[in-house]
Every structure is written in structure tokens, then in C-alpha cells.
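Below you'll find the structure, written out as C-alpha cells, and then a few comments.
The values are calculated or read from the model by the stated rules, or taken from the named source; none is laboratory data. Only a predicted model underlies this, so the values are computations on that prediction, with no experimental measurement involved. Reconstructed Cβ throughout: ideal geometry from the backbone, glycine too, with neighbour counts over all protein chains shown. Just the protein is used for accessible areas: all its heavy atoms, side chains included, with ligands, DNA and RNA removed. Shrake-Rupley method; radii C 1.70, N 1.55, O 1.52, S 1.80 Å.
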Amino acid sequence: MDIILIIIWILIIAGWFLYKRAKIVYEELESYGIPYEGAINSYWGIIELLLMKRHFFYLIDDQYKKFKGQQIVPAFNLSQRSFMARDAEIIKQITIKDFDSFVNHDQSFNGDIDSLQGKMLFTLVDDEWRNMRNTLSPIFTSSKMKMMFGILSDCASDFMVHYEKKVKETGKLVINSKETFSRFTVDGICSAVLGFKGDCVENEDSELYKLSVRMQPVDIWSTFKFLLFFFFANIYKFFKFQLTTKEIRDFFYNAIVKVMKEREQNGTFRPDVIQLLMQAKKGQLKVQDKENEVNEAELSNFSANIEYDVKAKNTKLTNWTDEHYMAQGFIFFFAGYDTTQTLLQVTTYSLAKNKDVQQKLIDEVDEVVASLGDASISYETLHKMQYLDMVISEALRYWPPASATTRGCNRDYDLKLNNGKVIKMKPGDDVSLPIYSIQHDPKYFEDPEKFDPERFSDERKGSIVDGSYIPFGYGPRVCIGSRFALMEAKLLIFNLLRKFTFEVCDKTPEKFELAPNFANFELKEKIFIELKLRN
């Protein structure tokens, strides 16, 4: 009992010091003309997160909406000076124009959080990030995506065969879209990235699928560790906590490092990401190759990342450890698993709820199918489907896979506001980019709650303000895996609409409502839709 009392008192005292620290930070911001509601609101937000009473997304969106008309406001943080950008021009400024002052993500999310995740491209900083980004970028060019396209096409074909059979057996097929599309994306990653065929779609009791679910835990213990690192990093490190379990580490070691060593010994070649990592290791990976050349501009996606010169100092990495290779495999489980299954959920739900949009997309699909004859769709043909790109782009605006991202200030910087004030930013400050909120701001998108792919038509997409549409982030630090995620999603949507329509059923929720946890897209009510065979 005495120990419990001691722990309670420690938490109370620590909480008090955090509150006082936050109060000083926010009062300092007030001198720049930045309004705030008081540190106690942020403190309560931490409690709500820890107790899993509310989703992190709602705290961000509430903060955005409270300060209408402001360019920048205090962000949700107790341990450092933290801002939220509410203005597209500021987002463009810090992510592109003045990128050298904001090279990294929030620097509190660093390599100390986990020995594996800390070596992902997302968490690396400064020159180590520049060199890694420069090394990995060729993996995600159109020519390399085309190389993996055939593998993903086989996964999509297997998916279609399985579900056509199911719907013919039952006459009516209602799917849990998250589970259904997650199984497809895991199979796609295993085939195109890790070099082996998964069994998640056909085998409902797949151990591989169960492991993929455990890779992204949403339980209170994981949330506690995550928040502990942010606000009491020394305690986190003292107890040697890790976010990644031994089971997951072992999986990536066996699936990547062990396979790389076996291929090197046996001289085995397979057109997948492991092979590309092996080339990167030797400094042999090129941005393009004439044998597989693709017109990048012609086949660009509106939502896909644009590659910038990141001013890397080294073109060949010589200090990679096994965990570096394992960590890059993790990238594909973020880009190819969670991002893609979220995009597929949002897209199919939106098409089921907007039959006019679905019919227009079906017309485009049918036109492409007729032009193919007996041939399968190619990488080039898929990426030239204009209305499909418009639908996917709007799905990413309507509900992006991540609610926000961050940029950390790495040197003294003067941020000039329209009111004439100048915020003297310091190294260690961070700026939150509220992806969902700015993409739903009527200042930038008329009638933002309407699902309207026409926003991205040739006639209208030119009016989209730079910095207001950022589903994968913006600038040189944009998500490197966006092309893979988009290719995977488009391929399955095309194949599904060849055979099925998406229908609302009695288990389809009226709207998205997030479950109270720290995950990006975890709904209170699962999205069920009916797959109905076309005549």
C-alpha cells in the first residue's frame, strides 16, 4: 500500500511540474499574439489519451477549429514549445522553402524510442536521414514500381478468384472492409517486398495475418509506453522499454536479413524490394534504368510524392546494421499495410454511399477493360486512368491515413506572421501539420464534407492551394512509400469494379467515428459493405 501511495505522489508531483512548464510555454506564446486556452486543457488531453477516452485525432481537430483566422496556434504538447500551422502558406514555407531549418520530424520521436523503429527512415535525422533517403528513393520510382506491379497483379487476381467464389456460393457477400483489405495488403507486401507468397486472403486463420495485426497494437499498454517516452523519456529509457516486441523483430530478421544472406550465398535473384535493398547495400541502385524506363511525368499520381534533392553527402551507405534493413521493411508495413487498407476502406465506403461517383468510375473501368481485350491491365494503363486518380485523390483528402505530421525546428528561425509579429523559433521547437483539419477547412475546399472527386479534375485541380492538400506530408520529408500504396489501392479497386459494385448494407455505419485510442484510423463501428456481382 505504501508503494502505491509513493507512486501516486510521484505522478502528482511530476504532473504538477509538467503543468507549470506548459504554462510558461503558453504564456510566452501569448506575447506573439497567439491565443491559447491555458495549459490545463493540454494536461486534460493527456489524461484522456492515457485513459483511452478519446482519439488523438479529435484533440488536434478541436484545437484547429477553436482558433479560426489564426495562422499558427499552440499545439498539443506539455514538454516543449509546440505549434500548429493553420495556414497553407506557412506549411509550404517550413516544408519546402525553408526546409533546411525544419529537416526532421518532431525530435522527441527519435531513435531512443525503439532500437528497430528508431532506424526507420521516418525517425532518422539530419545527414543520416539525407543519406538514407537518397539511398532508398530509387526503390520507389515508377520504374521500380513497374517491376513490382506484376507481383501485385497476381495478388489481386488471387483475391478476385477467392471472393468471386464466395459470393457465388452464398449469393450475397458482406465484408468487414478493414479485415478484408488488410489481408490483401499483407499478401501484397509479402509477395512484392519480402519475396514469399502470403496466405492471408485464402486462409482465414492465417498466423501471418494475426502477426500483422499485432504489429500495430492499439491497447492501453502501448499507448502508455508511447506517452511515457514523450513526457518522461528518462524513465522510459531507464526501464529499457521497446515498442517492438521480440516476436516482430524475429519476423523481420528472418524475412529480410536472413533471406538477404541466403540470396548472396546462393546467387538468387527475385524482382522484389529485398533485391533492391541488396543493390542499395552495394551502391548499385539507380534512379532509372533504360531497360525499364518509364515516363515519370506522364504516369504521375496527383497524390504521390515529388522527389526533391535532399543534399545527401554519401551515395553509398557503409554503416548499415541488420536492424537498418529490418527497419526499412517496417516502412512497407506502414506504407503498404496500414495506409493502403485505410485508403481502400475510405474509397469503397465513399463509392457505396455515392452511387453517381461509383457509376462514373465503373464506366471508366469498363472502357479500359474493352480496350484491353484479353490482356491484363498494365502499369501504364492503370496510371493513365484519370477518374480513378481523381477518386483516390478525393478519398485521401476526405480521410487521410494520418491525422497530422510534424516538423522539428533545428536552428534559430524567424517565423513572420501576417499580423506583423515574428515568432523567434528555437532548436527543439516543433510544428504540427494538421492534415485532416486543413483538408476539411472551407477556406481551402468548398463544401469539405462532400465527397467530390471533381475537385481533382483538370479544370479544378489547379485552384488547389499549395500546402492545403498534404495526405502524405509535404516537401522533401514526404512519405517515401506513397507510390507503392497508391499502386496497390488502385489495382484492387480496378479489379473489384470489373466484377462487383459496392453497396450499403444494414451494417454499414452512417459516418466515420474513431475509437478512443492512439491509432490513426481505428473506427468504433467497423465498415461493412456488400460486394454485389455485376450483371
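General observations
- Here residue 515 meets each of (1) touching a Lys or Arg at 6+ places or on another chain (Cβ under 8 Å); (2) at pLDDT 95 or above with one exception, condition (2).
- Qualifying residue in segment 377-384 (condition: under 27 Å from residue 151 (Cα atoms) and open to solvent by 70 Å² or more (accessible area, probe 1.4 Å)): yes
- Single unsatisfied condition, residue 58 versus (1) open to solvent by 50 Å² or more (accessible area, probe 1.4 Å); (2) at pLDDT below 70; (3) farther than 20 Å from residue 225 by Cα; (4) of a type outside the set (A, V, I, L, M, F, W, C): (2)
- Filter result (open to solvent by less than 10 Å² (accessible area, probe 1.4 Å) and either of a type outside the set (S, T, N, Q) or under 18 Å from residue 506 (Cα atoms) (or both)) within segment 338-348: 343, 344, 345, 346, 348
- Selection within segment 112-136 - in contact with a Gly (Cβ under 9 Å, 6 or more places away or on another chain), open to solvent by less than 40 Å² (accessible area, probe 1.4 Å) and of a type outside the set (A, V, I, L, M): 117, 118, 123, 135
- Some residue of segment 119-139 being over 20 Å from the mean Cα position of the chain (by Cα), within 22 Å of residue 403 (Cα to Cα), in contact (Cβ under 8 Å) with a residue 40 or more places away in the chain and in a helix (DSSP H, G or I): no
- Test: residue in segment 395-418 that is touching a Gly at 6+ places or on another chain (Cβ under 9 Å), over 19 Å from residue 478 (Cα atoms) and not acidic (Asp, Glu): yes
- Some residue of segment 520-533 being in a strand (DSSP E or B) and basic (Lys, Arg): yes
- Residue satisfying condition, being under 27 Å from residue 60 (Cβ atoms) and outside any loop (DSSP other than H, G, I, E, B), within set 367, 380, 454, 394: 394
Residue-by-condition table, conditions (1) touching a Cys at 6+ places or on another chain (Cβ under 8 Å); (2) of a type in the set (S, T, N, Q); (3) within 28 Å of residue 244 (Cα to Cα):
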{"residue": "147", "(1), (2), (3)": "no, no, no"}
{"residue": "151", "(1), (2), (3)": "no, no, no"}
{"residue": "157", "(1), (2), (3)": "no, yes, no"}
{"residue": "161", "(1), (2), (3)": "no, no, no"}
{"residue": "175", "(1), (2), (3)": "no, no, no"}
{"residue": "181", "(1), (2), (3)": "no, no, yes"}
{"residue": "189", "(1), (2), (3)": "no, no, yes"}
{"residue": "203", "(1), (2), (3)": "no, yes, yes"}
{"residue": "207", "(1), (2), (3)": "no, no, yes"}
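- From the options 227, 243, 211, residue that is at negative phi, in contact (Cβ under 8 Å) with a residue 12 or more places away in the chain and open to solvent by 30 Å² or more (accessible area, probe 1.4 Å): 243
- Filter result for residue 443 (over 28 Å from residue 407 (Cβ atoms) and either more than 16 Å from the chain's Cα centre (by Cα) or open to solvent by 10 Å² or more (accessible area, probe 1.4 Å) (or both)): no
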